[in-house]
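First comes the structure, then the notes that go with it.
The values are calculated or read from the model by the stated rules, or taken from the named source; none is laboratory data. Predicted model, so just to flag it, every value in this text is computed and none were measured. Positions of Cβ are backbone-derived with ideal geometry, glycine not excepted, and every protein chain shown enters the neighbour counts. All accessible areas refer to the heavy atoms of the entire protein, side chains included, with ligands and DNA or RNA removed. Shrake-Rupley method; radii C 1.70, N 1.55, O 1.52, S 1.80 Å.
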Amino acid sequence: LPDGSRVWLNAFSSLIYPTDFRPDEPRRVQLRGEAYFSVAHDESRPFIVDCEGVQTRVLGTEFNIRSYGGQSCVTLVDGSIEVSTGSHQMKLQPNQSATVDAVGALTVDTESDVEAVTCWRDNRFYFDGQSLRDIMIEVGRWYNMDVVIGSNSHIGDRLHFRGERRWTIQQLVDQINMISNAEIRISDNTLTVY
């Protein structure tokens, strides 16, 4: 960014920012989706990320924001940030996450798995107890494929899985099929879970 801050965007994400930040105003950007921020320190100009009703305010730090499907999660990697949603405000310490649900309720997880949250930035998948449904949504988003649930019998199964985002979709599906009770099939641009 113009101030030296660095931003990594995940799939189906966008960032709106000015070509230059004004000297006497906060550095403000607008995010849709998921991004990892490494913000250049500047005490005189706070850095503000607006993301679907959630505002994250920092001076200089590293953090991840994820906002898909009506739920937003801000995870602090290093430094200190303030997360707010209208009348609710929360300061986070490293390895803490603030989650805002669709109705604006703010909760804090004091023991976040930062590796699981930020692994996408290093081109990896890391699922630690997520449901097969959530895993397939993430996989579909990354490979730009539709996901169809053909059977609900195993969709709630929780899996532990690591993979590479550089793998082909077939390689990834083969790996998930080996550890899951469900069967995932690829047809055209659709992943179907049976």
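Could you tell me the calculated FRET efficiency between R166 and I137, based on Cβ-Cβ distance and R0 = 22 angstrom, to the nearest 0.05?
Values: r = 20 Å, r/R0 = 0.91.
About 0.65, to the nearest 0.05.
Given a Förster distance of 30 angstrom, what is the FRET efficiency for V103 paired with H154, based on the Cβ-Cβ distance and rounded to 0.05?
Here the calculated transfer efficiency is 0.50.
Which one of Q96, W120, T107 is farthest out on the positive end of the charge dipole of region 93-132, using unit charges on Cβ (Lys, Arg +1; Asp, Glu -1) and the Cα centre as origin?
W120
Output wanted: per-residue J couplings in Hz (rounded whole) for region 131-141, from phi through Karplus 6.51 cos²θ - 1.76 cosθ + 1.60, θ = phi - 60°, x for Gly and Pro.
6, 4, 4, 5, 4, 5, 4, 5, 5, x, 5
Place a +1 charge on the Cβ of each Lys and Arg in the chain and a -1 charge on the Cβ of each Asp and Glu, then give the dipole magnitude about the Cα centre in debye, rounded to the nearest 20.
With Lys and Arg at +1 and Asp and Glu at -1, about 260 debye.
What value, in deg cm²/dmol to 500, does the helix sum -39500 (n - 2.57) over DSSP H runs of n ≥ 4 give at 222 nm once divided by the residues of the chain?
-4000 deg cm²/dmol, from helical runs alone.
Mind putting a number on the dipole of region 56-147 about its Cα centre? Charges go on the C-beta only, +1 for Lys and Arg and -1 for Asp and Glu, and I need it in Debye to the nearest 20.
Here the size comes out at about 260 debye.
Please give the helix 169-179 orientation as an angle from the longest Cα principal axis of the chain, in degrees from 0 to 90, rounded to the nearest 10.
70 degrees
Given the Cα-Cα distance of V7 and E111 and 0.36 nm per residue of separation, how much length would full extension add, in nm?
35.0 nm
At 1.4 Å probe radius, can you tell me the per residue accessible area of the chain in Å²? Walk me through the numbers before you get to the answer.
Values: 10210 Å² over 194 residues.
Each residue of the chain exposes 53 Å² on average to a 1.4 Å probe.
Below 13 angstrom from the Cβ of D146, what's the summed charge of the other residues (Lys, Arg +1; Asp, Glu -1)?
+1
Tell me, in nm to one decimal, what length is gained between T19 and A40 on full extension, where the rule is 0.36 nm per residue of separation less the Cα-Cα distance? Walk me through the numbers before you get to the answer.
Values: separation 21, 0.36 × 21 = 7.56 nm, distance 1.59 nm.
That works out to 6.0 nm of additional length.
How much length would be gained if the chain were fully extended between M178 and Q89, taking 0.36 nm per residue of separation minus their Cα-Cα distance, in nm to one decimal?
27.7 nm
From a point 7 Å beyond the Cα of D188 in the direction of its Cβ, which residues of region 112-149 have a backbone N at a distance under 17 Å?
Within reach of a label on D188: 144-149.
Convex hull over the Cα atoms of region 83-170, averaged projected area in nm²?
7.5 nm²
Region 93-194: which GluC sites (Glu not before Pro) are DSSP loop and have at most 16 other beta-carbon atoms within 10 angstrom?
Those satisfying the criteria are E111, E183.
Translational diffusion coefficient, Stokes-Einstein: compute it for the chain using the Kirkwood radius over C-alpha pairs as Rh, at 37 °C and 0.692 mPa s, and state it as an integer in µm² s⁻¹.
Approximately 184 µm²/s, per Stokes-Einstein.
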